[in-house]
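Engineer: Here's a structure for you.
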Amino acid sequence: MKRIALFSLNDISYAVEFADQLIRSGWDIMASSETVELLRNNGLAVLDISAFTGVKENYGFPPTLHPKVEYALTADDQPRIDLVYVNPYPPAKGNDIGGRTLLALAVKGGRLAVMDAGDMKKVLSELSDTGEVSKALRSELADKVSFEI
């Protein structure tokens with residue numbers, strides 16, 4: 001069973017490299033529209049979150065706050081989102097409710113919740129070494145999200 005990572009990024013630095021590493025490790029990538037475009041333009045197979053949710057309308061923001069996404073982040077059924085990589089936009093641009101909610105739902109569901117490139121590098125290093133992410137790193141990431149949001 002493939003694992004799914006959801007990317008919704010304000011800062012797309014390293015997005016291509018991170019997605020490529022996950023794909024090479026057997027993961028599927030789902031992303032918000034701007035990130036989908038970047039990843040596809042770099043030859044990576046990625047699912048647009050709007051296709052996952054079935055939302056066809058363009059509201060000017062990705063349909064990440066959707067019951068299907070919440071279910072995939074908190075339930076043990078399939079499809080299941082196993083990793084959320086969200087770096088919310090800064091407060092100067094407004095309150096990133098969607099991004100912060102995705103991170104909170106990932107923590108609630110016991111998923112990997114990654115907020116920045118440094119932490120994503122740690123996750124990818126552990127996945128590369130052992131195929132899994134340690135309980136210690138999972139806890140560190142969850143604590144960071146809980147403190148930041």
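The values are calculated or read from the model by the stated rules, or taken from the named source; none is laboratory data. Treat the numbers as computed from the prediction; the structure is a model and nothing was measured. Because the Cβ atoms are built from the backbone with ideal geometry, glycine has one as well, and the counts that use them run over all protein chains shown. Calculation scope for accessible area: heavy atoms of the full protein, side chains included, ligands and nucleic acids excluded. Shrake-Rupley method; radii C 1.70, N 1.55, O 1.52, S 1.80 Å.
Engineer: Give the number of residues within segment 62-93 that are touching a Gly at 6+ places or on another chain (Cβ under 6 Å) and not hydrophobic (A, V, I, L, M, F, W, C).
Structural biologist: 3
Engineer: Continuing with this model, one more query. If T64 satisfies all but one of (1) under 21 Å from E37 (Cα atoms); (2) open to solvent by 20 Å² or more (accessible area, probe 1.4 Å), what's the number of the condition it fails?
Structural biologist: (2)
Engineer: Condition first: assigned to a helix (DSSP H, G or I) and more than 17 Å from L6 (Cβ to Cβ). Now tell me which residues in segment 116-131 satisfy that.
Structural biologist: G118, K121, K122, S125, E126, S128, D129, T130
Engineer: Could you pull out the residue among L105, L65, L44, L39 that is closer than 22 Å to S13 by Cα, without any contact (Cβ under 8 Å) to a residue 40 or more places away in the chain and out of contact with any Phe, Trp or Tyr (no Cβ under 9 Å at 6 or more places or on another chain)?
Structural biologist: L44
Engineer: Can you give me the number of residues within segment 76-100 that are closer than 24 Å to L124 by Cα and either free of Cβ contacts under 8 Å to residues at least 40 places away in the same chain or in a helix (DSSP H, G or I) (or both)?
Structural biologist: Count: 3.
Engineer: If you check T53 against the conditions, is it buried (at least 16 other Cβ atoms within 10 Å of the Cβ) and in contact with a Gly (Cβ under 7 Å, 6 or more places away or on another chain)?
Structural biologist: No; evaluated as a whole, the condition is false for this residue.
Engineer: Of the residues L39, L44, which single one is hydrophobic (A, V, I, L, M, F, W, C) and either under 21 Å from A113 (Cα atoms) or not in a loop (DSSP other than H, G, I, E, B) (or both)?
Structural biologist: Exactly one of L39, L44 is hydrophobic (A, V, I, L, M, F, W, C) and either under 21 Å from A113 (Cα atoms) or not in a loop (DSSP other than H, G, I, E, B) (or both), namely L39.
Engineer: May I pose another question? Please verify whether segment 101-109 includes one or more residues that are assigned to a loop (DSSP other than H, G, I, E, B) and open to solvent by 60 Å² or more (accessible area, probe 1.4 Å).
Structural biologist: Within segment 101-109 (the criterion being assigned to a loop (DSSP other than H, G, I, E, B) and open to solvent by 60 Å² or more (accessible area, probe 1.4 Å)), the answer is no, since none of the residues qualifies.
Engineer: If I go through segment 1-31 residue by residue, how many of them are part of a loop (DSSP other than H, G, I, E, B), of a type in the set (F, W, Y) and open to solvent by less than 70 Å² (accessible area, probe 1.4 Å)?
Structural biologist: 1
Engineer: Please enumerate the residues belonging to segment 132-148 that are surrounded by fewer than 17 Cβ atoms within 10 Å (Cβ to Cβ) and either touching a residue at least 24 places away in the same chain (Cβ under 8 Å) or outside any helix (DSSP H, G or I) (or both).
Structural biologist: Once the filter is applied, which keeps residues that are surrounded by fewer than 17 Cβ atoms within 10 Å (Cβ to Cβ) and either touching a residue at least 24 places away in the same chain (Cβ under 8 Å) or outside any helix (DSSP H, G or I) (or both), segment 132-148 yields E132, S134, S146, E148.
Engineer: Here is a list: Y71, Y85. Which entry is hydroxyl-bearing (S, T, Y), at pLDDT 90 or above, surrounded by 15 or more Cβ atoms within 10 Å (Cβ to Cβ) and out of contact with any Phe, Trp or Tyr (no Cβ under 8 Å at 6 or more places or on another chain)?
Structural biologist: Checking each option against the conditions leaves just Y71.
Engineer: Where the second residue is open to solvent by less than 30 Å² (accessible area, probe 1.4 Å) and the first is without any contact (Cβ under 8 Å) to a residue 12 or more places away in the chain and lies in segment 111-131, which pairs have Cβ atoms under 7 Å and are six or more apart or on separate chains?
Structural biologist: That search, which allows pairs on different chains as well, returns E126/V133; E126/L137.
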